[in-house]
Amino acid sequence: MAKHKFSTHHGMVDILPDEVRKWQYLENLIHQEAEKFNFEEIRTPIMEQTELIVRGLGQLTDIVSKEIFSFSRGDDNYVLRPELTAPVVRAFVENHLDQRGGSQKLYYIGPMFRAERPQKGRQRQFHQFGVEVLGSADPVADAEVIAFMVHIYKKLGIANTTLKLNSIGDPESREAYKKALKEYLKPNFEKLSDISQTRFEKNPLRILDSKEEEDQPFIETAPVITDFLSEESKVHYTQVKEYLDDLGISYVEDPYLVRGMDYYTQTAFELISPDLGSQDALAGGGRYDLLVEEIGGKPTPAVGFAAGMERLFIACEELDIKLGSEKSVDIYIVTLGDAARKWGLKQLPAIREKGLSATMDYMGRSMKAQMKDANRENARYTIIVGENELNEGKFTLRNMKESEENQLTMDEILNKLSAWLNVRRSIFYKHPISRSSDRK
Ligand code: HAM
């Protein structure tokens with residue numbers, strides 16, 4: 001019988017060891033920078049009740065109507081989380097996080113699931129990092145959330161981005177705008193795409209987000225929401241822009257920017273990159289002042305964003321930015337004979353204790369094969385030990401790059417390696433990111 005070949009689900013990918021270092025690098029950077037902004041990490045389950053996502057994001061959104069992975073167990077219906085804003089709000093309400101006092105400044109990193117048609121930059125399991133600030137209606141919170149988002153890309157050297165900004169106002173502003181938009185589109189209803197026709201009654205704002213060619217002429221001359229903002233919404237929007245100006249963050253106002261979830265109010269934004277092709281949104285977010293109440297909490301204004309990590313890596317590739325170091329190990333102990341192997345195994349803890357990475361052969365290979373393996377592992381140093389070395393108490397420390405060898409006691413080796421580690425650390429912190437062109 002032919003062996004069955006197993007594979008990942010369409011649009012879901014393994015992150016293999018050769019790639020994982022760039023993920024770890026980015027995750028470390030996010031943790032480190034989030035701490036500087038005083039954001040605290042939150043981790044929520046991968047599964048959520050279907051009703052939370054339907055209520056939170058909106059029944060008619062693309063995500064809820066066609067992209068959720070759902071299943072049931074007994075009478076309970078669940079989905080794999082398609083995003084984290086609604087789950088974070090659920091956690092906030094369920095755990096009474098408001099009682100901690102002040103505004104809750106939360107961030108997260110993790111996998112999300114949407115049954116979209118996979119293509120470059122669009123997967124069915126993808127990863128986001130993001131921020132949700134709950135409890136503040138102040139435009140300073142909007143500005144700080146945007147500042148953190150922009151900061152991460154800047155830190156990585158992804159400079160070629162555009163921040164698109166809009167305000168979709170409060171519900172009253174939006175109702176007035178929806179009415180005007182429908183009146184404007186009505187005479188040409190028959191000429192709109194099928195999808196826009198279905199959105200016309202219940203969700204006309206989403207028509208502005210249409211990619212269908214036949215809709216474009218109507219979108220281009222449509223009324224703009226910013227003309228329908230209430231006084232309060234206008235003030236909020238103006239202040240957000242002023243704060244961004246103060247922070248030196250440039251933006252382009254896009255009055256047709258509407259986001260894919262129904263929970264948004266006031267500020268809406270997206271960070272786009274020309275290096276991404278058709279899936280050009282690196283990140284997106286906005287205010288959602290009514291969601292906490294919608295999910296059963298007390299009225300709590302909130303603002304946040306989420307960024308696609310796979311898309312960030314695509315932008316890095318296009319810009320020739322390499323994240324994380326190459327695979328390597330500091331020390332490879334090459335042993336000849338059983339006594340040397342035993343000795344080698346016993347040295348590993350002391351070397352690791354110094355803060356160095358260390359390994360040895362697990363396969364009983366010849367010395368030649370072990371040296372070859374040390375090269376493959378990109379070992380910085382090898383410690384070579386056989387019967388003679390054991391008798392003399394001096395071992396060969398070989399610098400693999402310089403091809404330089406010294407006969408040293410184990411204490412001397414540990415001291416030399418510690419000094420080398422300190423130098424390496426100081427270089428790493430000065431140049432944590434490299435472009436492959438710099439390495440040549
Ligand atoms: P979103 O715009 O749906 O917003 O997703 C944010 C980012 O996730 C996108 O800009 C994109 O980079 C990435 N992304 C989305 N779908 C995929 C996919 N199928 N494959 C790869 N990357 C993808 C949200 O998720 C909101 N929760 C953001 C937010 C937070 N709003 C307020 N707080």
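The values are calculated or read from the model by the stated rules, or taken from the named source; none is laboratory data. Computed from a predicted model, the values in this text were never measured in an experiment. Virtual Cβ from ideal backbone geometry, glycine too; neighbours counted across all protein chains shown.
Data for the structure
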{"read-out": "Residue that is modelled with the highest pLDDT, among those in the stretch 400-433 that are under 30 Å from Asp320 (Cα atoms) and of a type in the set (S, T, N, Q)", "value": "Asn422"}
{"read-out": "Breaking point among (1) in contact with a strand residue (DSSP E or B) (Cβ under 6 Å, 6 or more places away or on another chain); (2) in a helix (DSSP H, G or I); (3) more than 24 Å from Lys322 (Cβ to Cβ), for Ala34", "value": "(3)"}
{"read-out": "Yes/no for Thr267 being in a strand (DSSP E or B) and among the hydroxyl-bearing types (Ser, Thr, Tyr)", "value": "yes"}
{"read-out": "Hits in the stretch 229-271 - residues which are crowded, with 18+ Cβ neighbours inside 10 Å and of a type in the set (Ser, Thr, Tyr)", "value": "Ser233, Tyr237, Tyr243, Tyr251, Tyr263, Tyr264, Thr265, Thr267"}
{"read-out": "Among the candidates Val64, Val89, Val93, residue that is at pLDDT below 95, part of a helix (DSSP H, G or I) and within 16 Å of the ligand (Cβ to nearest atom)", "value": "Val64"}
{"read-out": "Test result for Ile321, hydrophobic (A, V, I, L, M, F, W, C), under 30 Å from Glu389 (Cβ atoms) and either touching a strand residue (DSSP E or B) at 6+ places or on another chain (Cβ under 7 Å) or at pLDDT below 95 (or both)", "value": "no"}
{"read-out": "Matching residues in the stretch 408-426 - criterion: being surrounded by fewer than 12 Cβ atoms within 10 Å (Cβ to Cβ) and either touching a residue at least 40 places away in the same chain (Cβ under 8 Å) or not small (Gly, Ala, Ser) (or both)", "value": "Asp411, Asn422, Val423, Arg425"}
{"read-out": "Options Arg73, Arg81: the member that is farther than 23 Å from Glu293 by Cβ and either assigned by TED's automatic domain parsing to the domain that holds Gln125 or touching a Gly at 6+ places or on another chain (Cβ under 7 Å) (or both)", "value": "Arg73"}
{"read-out": "Residues (out of contact with any strand residue (DSSP E or B) (no Cβ under 7 Å at 6 or more places or on another chain) and either of a type in the set (Phe, Trp, Tyr) or in the same structural domain as Leu192 (by TED's automatic domain parsing) (or both)) located in the stretch 233-249", "value": "Tyr243"}
{"read-out": "Residue list for the stretch 1-29, restricted to those being assigned to a helix (DSSP H, G or I), more than 14 Å from the ligand (Cβ to nearest atom) and of a type outside the set (Phe, Trp, Tyr)", "value": "Pro17, Asp18, Glu19, Val20, Arg21, Lys22, Gln24, Glu27, Asn28, Leu29"}
{"read-out": "Counted residues, the stretch 363-384 - those being surrounded by 13 or more Cβ atoms within 10 Å (Cβ to Cβ) and closer than 19 Å to Glu402 by Cα", "value": "12"}
{"read-out": "Matching residues in the stretch 96-114 - criterion: being more than 9 Å from the ligand (Cβ to nearest atom), modelled with pLDDT of 95 or more and assigned to a loop (DSSP other than H, G, I, E, B)", "value": "His96, Ser103"}
{"read-out": "Within the stretch 243-263, tally of residues that are part of a helix (DSSP H, G or I) and either acidic (Asp, Glu) or within 8 Å of the ligand (Cβ to nearest atom) (or both)", "value": "2"}
{"read-out": "Matching residues in the stretch 324-363 - criterion: being closer than 15 Å to Val385 by Cβ, without any contact (Cβ under 8 Å) to a residue 40 or more places away in the chain and not polar (S, T, N, Q)", "value": "Asp338, Arg341, Lys342, Leu345, Lys346, Leu348, Ala358, Met360, Asp361"}
{"read-out": "The stretch 264-290, residues that are over 11 Å from Leu165 (Cα atoms), touching a Gly at 6+ places or on another chain (Cβ under 6 Å) and near the ligand (Cβ under 8 Å from one of its atoms)", "value": "Tyr264, Gln279"}
{"read-out": "Top-ranked residue in the stretch 136-176 [being in a loop (DSSP other than H, G, I, E, B) and within 14 Å of the ligand (Cβ to nearest atom); ranked as nearest to the chain's Cα centre (by Cα)]", "value": "Ile158"}
{"read-out": "Test: residue in the stretch 197-209 that is out of contact with any His (no Cβ under 8 Å at 6 or more places or on another chain), among the aromatic types (Phe, Trp, Tyr) and not assigned by TED's automatic domain parsing to the domain that holds Phe269", "value": "yes"}
{"read-out": "Ile295 being over 26 Å from Ile152 (Cβ atoms), surrounded by 14 or more Cβ atoms within 10 Å (Cβ to Cβ) and under 27 Å from the mean Cα position of the chain (by Cα)", "value": "yes"}
{"read-out": "Extreme residue, surrounded by the most Cβ atoms within 10 Å (Cβ to Cβ), among residues of the stretch 159-197 that are in contact with a strand residue (DSSP E or B) (Cβ under 7 Å, 6 or more places away or on another chain) and among the β-branched types (Val, Ile, Thr)", "value": "Ile168"}
